[in-house]
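Okay, structure first, notes after.
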Amino acid sequence: MIVTAVKAKLEDIQSLRALFLQESNFQVRYNACHERGWTDSYLLTADDTPIGYGSIKGQERDGRDTVFEFYLVPTLRKESRVAFAELLAASGAKYIECQSNDALLSSMLFEFARDINADTVLFSDQIATELNVEGAQFRPRTRDDEVFHHRVEPLGDYVLEVQGEIVATGGFLTHYNPPFADLYMEVRPDCRGRGYASFILQEVKKACYSAGRVPAARCGIGNKASRGALLKAGMKVCGFMLLGHVRPREIV
C-alpha cells in the first residue's frame with residue numbers, strides 16, 4: 001500500500017472533514033481558520049484512494065507551519081503513522097498543535113513532536129446550576145447601556161446589572177463547528193470576587209442553548225479566576241491545547 005499526501009482545495013476534503021467533526025463531537029477551536037482562508041489542506045490517499053486529510057495553519061496568521069487537523073477513516077487507522085509522516089514531509093510543518101480530546105492527532109503529537117506544552121484549558125458543559133445573586137438582573141444589552149471599558153473580552157450581547165450599574169457583560173461566539181459556541185464574559189474590575197462571573201456564565205449558557213447551540217469555553221491555563229468561574233457555572237475541563245515542535249525526521 002502506497003500512502004501519499006497531496007495538496008488539495010478545501011472542497012476536496014469537506015466530506016472527510018464532515019466525518020472528522022461527526023466523530024469528534026466537540027468544539028474545534030480553530031474551525032474558523034478554514035473558512036477564513038488561513039489554512040492549507042492535504043488529501044491523504046492509499047493506492048490513489050482517499051483515506052483522510054491533514055490541515056495546516058500558521059503560528060502567525062499568514063504562515064503555514066502547524067498541523068492542526070488530521071483524520072483517517074477508521075478502517076485504515078493502522079496507517080496513521082505512515083500517513084502522518086507523509087503529511088509532514090509534504091507540508092514541511094514545524095509544529096503540531098492539537099486538542100488533547102482529539103485522540104488521533106494527540107497520539108501523533110506524542111510520537112512525532114518534542115517540547116510539548118499546554119497553554120489553554122478547554123471546557124464543555126456538565127450540569128445546570130442554580131446560582132443566584134441578590135438584586136442582579138441579567139438581560140440583553142441595549143444601545144443606551146453605559147458599559148465599562150473592556151480590557152480582554154468583546155463587549156457582550158448580555159449584561160448583568162446591579163443597582164442600576166452594569167457590573168459584567170457576556171455572550172457566546174458562533175464561528176465554531178455547529179452546534180458548539182464559545183462562552184465569554186468580563187466583570188468590571190472593582191466588582192470582581194462577588195460571584196458575578198459564574199452567575200453571568202450560568203445565564204449565558206441558558207441563552208446559548210435557547211439559540212440552538214451547545215456551550216463550550218476556554219481560558220489560559222494560569223487563569224485561576226476564569227477557571228473557577230466556569231467550573232462553578234457547571235462547566236467541566238474536557239481537554240487542553242497542546243503544542244509541540246516536530247522532531248527531526250532521522251529521529252522519527
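Just to be sure, is Val28 out of contact with any Lys or Arg (no Cβ under 6 Å at 6 or more places or on another chain), of a type in the set (A, V, I, L, M) and in a strand (DSSP E or B)?
It is false that Val28 is out of contact with any Lys or Arg (no Cβ under 6 Å at 6 or more places or on another chain), of a type in the set (A, V, I, L, M) and in a strand (DSSP E or B).
One line per residue, one yes/no per condition, for (1) outside any loop (DSSP other than H, G, I, E, B); (2) crowded, with 19+ Cβ neighbours inside 10 Å; (3) without any contact (Cβ under 8 Å) to a residue 12 or more places away in the chain:
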{"residue": "His34", "(1), (2), (3)": "yes, yes, no"}
{"residue": "Tyr42", "(1), (2), (3)": "yes, yes, no"}
{"residue": "Gln59", "(1), (2), (3)": "no, no, no"}
{"residue": "Thr75", "(1), (2), (3)": "yes, no, yes"}
{"residue": "Glu79", "(1), (2), (3)": "yes, no, no"}
{"residue": "Ala85", "(1), (2), (3)": "yes, no, no"}
{"residue": "Ala90", "(1), (2), (3)": "yes, no, no"}
{"residue": "Leu105", "(1), (2), (3)": "yes, yes, no"}
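In this structure, is Phe180 crowded, with 19+ Cβ neighbours inside 10 Å, closer than 25 Å to Gly228 by Cα and out of contact with any Asp or Glu (no Cβ under 9 Å at 6 or more places or on another chain)? Talk me through it step by step, then tell me what you get.
Working: crowded, with 19+ Cβ neighbours inside 10 Å: yes; closer than 25 Å to Gly228 by Cα: yes; out of contact with any Asp or Glu (no Cβ under 9 Å at 6 or more places or on another chain): yes.
It is true that Phe180 is crowded, with 19+ Cβ neighbours inside 10 Å, closer than 25 Å to Gly228 by Cα and out of contact with any Asp or Glu (no Cβ under 9 Å at 6 or more places or on another chain).
For the stretch 165-195: of the residues being among the charged types (D, E, K, R) and within 23 Å of the chain's Cα centre (by Cα), which is farthest from Cys219 (Cα to Cα)? Working first, answer last.
Kept after step one, since they are among the charged types (D, E, K, R), are these residues of the stretch 165-195: 165, 182, 186, 188, 190, 192, 194.
From what's left, within 23 Å of the chain's Cα centre (by Cα): 182, 186.
Working: Asp182: 11, Glu186: 12 Å.
Top of the filtered list is Glu186.
Looking only at the stretch 95-121, which residues are over 28 Å from Ala216 (Cα atoms) and in contact with a Leu (Cβ under 9 Å, 6 or more places away or on another chain)?
Of the residues in the stretch 95-121, the ones over 28 Å from Ala216 (Cα atoms) are 111-112, 114.
The one that is over 28 Å from Ala216 (Cα atoms) and in contact with a Leu (Cβ under 9 Å, 6 or more places away or on another chain): Phe112.
Part of a strand (DSSP E or B) and either in the same structural domain as Arg227 (by TED's automatic domain parsing) or not aromatic (Phe, Trp, Tyr) (or both): is that true of Thr120 in this structure? Let's see the steps before the verdict.
Details: part of a strand (DSSP E or B): yes; either in the same structural domain as Arg227 (by TED's automatic domain parsing) or not aromatic (Phe, Trp, Tyr) (or both): yes.
Criteria met by Thr120.
Confirm whether Ala207 is over 21 Å from Val121 (Cα atoms), part of a helix (DSSP H, G or I) and in contact (Cβ under 8 Å) with a residue 24 or more places away in the chain.
Working: over 21 Å from Val121 (Cα atoms): yes; part of a helix (DSSP H, G or I): yes; in contact (Cβ under 8 Å) with a residue 24 or more places away in the chain: yes.
Yes.
Looking at Ser100, Ser124, Ser91, Ser107, can you tell me which residue is among the hydroxyl-bearing types (Ser, Thr, Tyr), within 23 Å of the chain's Cα centre (by Cα) and within 19 Å of Met185 (Cα to Cα)? Can you show your working first?
Numbers: Ser100 fails: within 19 Å of Met185 (Cα to Cα); Ser91 fails: within 19 Å of Met185 (Cα to Cα); Ser107 fails: within 19 Å of Met185 (Cα to Cα).
Selected residue: Ser124, the only one of Ser100, Ser124, Ser91, Ser107 that is among the hydroxyl-bearing types (Ser, Thr, Tyr), within 23 Å of the chain's Cα centre (by Cα) and within 19 Å of Met185 (Cα to Cα).
Would you please list the contacts, defined by Cβ atoms under 8 Å and residues six or more apart or on different chains, that run from a residue in the stretch 123-146 that is on the phi > 0 side of the Ramachandran plot to a residue that is surrounded by 13 or more Cβ atoms within 10 Å (Cβ to Cβ)?
Pairs found: Gly135/Val162.
Only one of Val162, Val147, Val152, Val133 is farther than 30 Å from Pro248 by Cβ and either within 26 Å of the chain's Cα centre (by Cα) or basic (Lys, Arg) (or both); which?
Numbers: Val162 fails: either within 26 Å of the chain's Cα centre (by Cα) or basic (Lys, Arg) (or both); Val147 fails: either within 26 Å of the chain's Cα centre (by Cα) or basic (Lys, Arg) (or both); Val133 fails: either within 26 Å of the chain's Cα centre (by Cα) or basic (Lys, Arg) (or both).
Answer to the selection: Val152.
Answer yes or no as to whether Gln163 is at pLDDT below 95, of a type outside the set (Ser, Thr, Tyr) and out of contact with any Gly (no Cβ under 6 Å at 6 or more places or on another chain). Break it down stepwise before answering.
Values: at pLDDT below 95: yes; of a type outside the set (Ser, Thr, Tyr): yes; out of contact with any Gly (no Cβ under 6 Å at 6 or more places or on another chain): yes.
Against the criterion (at pLDDT below 95, of a type outside the set (Ser, Thr, Tyr) and out of contact with any Gly (no Cβ under 6 Å at 6 or more places or on another chain)), Gln163 qualifies.
Within the stretch 158-183, can you find the residues that are assigned to a strand (DSSP E or B), of a type outside the set (Val, Ile, Thr) and touching a helix residue (DSSP H, G or I) at 6+ places or on another chain (Cβ under 8 Å)? Lay out the reasoning, then the answer.
Kept after step one, since they are assigned to a strand (DSSP E or B), are these residues of the stretch 158-183: 158-162, 165-173, 180-183.
Narrowing further to those that are of a type outside the set (Val, Ile, Thr): 158, 160-161, 165, 168, 170-173, 180-183.
Selection gives Tyr158, Leu160, Ala168, Gly170, Gly171, Phe172, Ala181, Leu183.
Can you name every residue in the stretch 107-128 that is surrounded by 16 or more Cβ atoms within 10 Å (Cβ to Cβ) and within 25 Å of Lys224 (Cβ to Cβ)? Walk me through it before giving the result.
The first filter runs over the stretch 107-128 and keeps only residues surrounded by 16 or more Cβ atoms within 10 Å (Cβ to Cβ), leaving 107-109, 112-113, 120-125.
Listed by number, the residues that qualify are Thr120, Val121, Leu122, Phe123, Ser124, Asp125.
For the stretch 130-174, enumerate the residues that are buried (at least 18 other Cβ atoms within 10 Å of the Cβ) and of a type in the set (Ser, Thr, Tyr).
Within the stretch 130-174, Tyr158, Thr169 meet the criteria.
Would you tally the residues in the stretch 210-239 being touching a residue at least 12 places away in the same chain (Cβ under 8 Å), under 16 Å from Phe172 (Cα atoms) and not in a loop (DSSP other than H, G, I, E, B)?
So the answer is 10.
The values are calculated or read from the model by the stated rules, or taken from the named source; none is laboratory data. Source: prediction; values computed, not measured. With ideal geometry, Cβ positions are generated from the backbone for all residues, glycine too; neighbour counts draw on all protein chains shown.
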